[in-house]
Amino acid sequence: MVPSRSKDRLSELAGHVGPDLATHLHGVTAGHGTFTEADELAEQVKATHGRVDHVVPSIGGWWMGKALWQTSEAQWQQFFLDTTTAHMAVARAFVPRLEPAGSYTLISGFSAQKPYPTAGIISMHGAALLMMREVLSAELDGQRRVNDLILGPIITRSRPQGSAGWLTADHVGHAAVLLATNPTIHDEHITLDTRTDLDQLQRRAPAGDRT
Ligand SMILES: NC(=O)c1ccc[n+]([C@@H]2O[C@H](COP(=O)([O-])OP(=O)(O)OC[C@H]3O[C@@H](n4cnc5c(N)ncnc54)[C@H](OP(=O)(O)O)[C@@H]3O)[C@@H](O)[C@H]2O)c1
């Protein structure tokens, strides 16, 4: 299931994945930016499908261009407060509803661990998410699997050009599935920067899943 605030983006997504995969794709036009919206979404998922197995929140994007002291209140609101609130709302709505063998894989970026000049509010947002994941792991104490996937720059439809060695959005999807379905990966920071990182993750998969 993929939620989006935009019905058009969901239709676009169905077109991108193609007719075969689209039959398994359930788009939900719903927000998840507030605690109430995320609770309603989680309830809707449970009511429709009966259970929540794996959650991969990939919320927020990239922004840069201003030093911290030049950042406007509107940019702070959009790229730190709104996105951090959405992640918190989704975590508090979905983590308690996860199946016992389920997993939560939070997506963040390289700038969460390294100060990135002129993208400071994105670095701060990412760092807050990594600590949220660590706190969830400490609080859950092994009852559910919670990990984070820290991406390097990714080749996407909106940025099709990149340096040699950058991973693609499809690689990220593959890595997210490997993480969600590997019961031995608990409470880890997984860095996904290169093909070597992806190969390492693949090698950790249970024997039958090493495709
Ligand atoms: N692309 C890269 O090169 C790259 C590199 C490193 C890390 N990452 C990480 O990958 C994740 C996704 O990035 P992306 O490039 O794929 O971004 P994207 O295409 O812009 O996707 C952003 C997603 O976040 C949602 N979103 C944005 N603001 C929101 C808000 N205030 N409340 C609720 N939902 C919100 C959007 O939902 P709607 O559909 O409802 O608009 C959309 O689904 C982020 O965590 C980012 O840090 C990306």
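Note that region 25-32 has calculated 3J(HN,Hα) couplings of 8, 10, x, 10, 7, 7, x, 8 Hz, one per residue in order, obtained from phi through the Karplus relation 6.51 cos²θ - 1.76 cosθ + 1.60 (θ = phi - 60°); glycine and proline are x. On a per residue basis, the chain carries 56 Å² of accessible surface, using protein heavy atoms and a 1.4 Å probe.
Of the peptides 22-31, 130-139, the order by per-residue mean of other Cβ atoms within 10 Å, starting with the highest, comes out as 130-139, 22-31.
Just check region 127-211 against the gyration tensor rule for me: Cα atoms, a ≥ b ≥ c as the square roots of the eigenvalues, rounded for a/c under 1.5, and otherwise prolate or oblate depending on whether a/b exceeds b/c. Oblate is the answer for region 127-211, as a/c is 1.5 or above yet b/c matches or exceeds a/b.
What whole-number distance in Å separates the alpha-carbon centres of region 87-145 and region 158-211? Cα centroid of region 87-145 versus Cα centroid of region 158-211: 17 Å apart.
Along the axis of the charge dipole computed for region 53-209 (Cβ charges of +1 for Lys and Arg, -1 for Asp and Glu, origin at the Cα centre), the listed residues 65, 200, 80 are led at the positive end by 65. Rounded to the nearest 20, the Cβ-based charge dipole of region 53-209 about its Cα centre (Lys and Arg +1, Asp and Glu -1) stands at 320 debye.
As a test of the formula, what do you get for the chain when each DSSP H run with n ≥ 4 contributes -39,500 (n - 2.57) and the sum is divided by the residue count, at 222 nm and rounded to the nearest 500 deg cm²/dmol? Per the formula, -13500 deg cm²/dmol. Using the Cβ-Cβ distance between residue 23 and residue 110 with R0 set to 25 Å, the FRET efficiency works out to roughly 0.10.
With Rh defined as the Kirkwood radius, the inverse of the mean 1/r over Cα pairs, the Rg/Rh of region 53-209 is 0.97. Counting only protein chain heavy atoms and rolling a 1.4 Å probe, the accessible areas of 82, 148, 141 rank, largest first, as 141, 82, 148.
Derived value for region 12-143: Kirkwood hydrodynamic radius 16.3 Å. Basis is the mean of 1/r over every pair of different alpha-carbon atoms.
For residue 43, neighbours were defined as the other residues whose beta-carbon sits under 14 Å from its Cβ, and their charges (Lys and Arg +1, Asp and Glu -1) total +1.
Full extension of the chain between residue 82 and residue 36 gives 15.2 nm of extra length, using 0.36 nm per residue less the Cα-Cα distance.
Tell me whether region 18-82 comes out rounded, prolate or oblate; compute the Cα gyration tensor, take square roots of the eigenvalues as a ≥ b ≥ c, and use a/c under 1.5 as the rounded threshold. Taking the square roots of the gyration eigenvalues as a ≥ b ≥ c, region 18-82 is prolate.
Estimated at 0.36 nm per residue, the fully extended path between residue 72 and residue 101 surpasses their Cα-Cα distance by 6.1 nm. With the full set of protein chains in place, find how many percent of the accessible area of region 53-209 is carbon and sulfur; take the probe as 1.4 Å. Percent of accessible area from carbon and sulfur atoms in region 53-209: 57. Residues whose amide H comes within less than 5 Å of that of residue 54, counting only those at least five positions distant or on another chain, are 103 (H built at 1.01 Å from N in the peptide plane).
The values are calculated or read from the model by the stated rules, or taken from the named source; none is laboratory data. Just so you know, these numbers come straight off a predicted model, no measurement behind them. Here Cβ is always computed from backbone atoms with ideal geometry, including for glycine, and neighbour counts include all displayed protein chains. Accessible surface areas use protein heavy atoms only, side chains included; no ligands, DNA or RNA. Shrake-Rupley method; radii C 1.70, N 1.55, O 1.52, S 1.80 Å.
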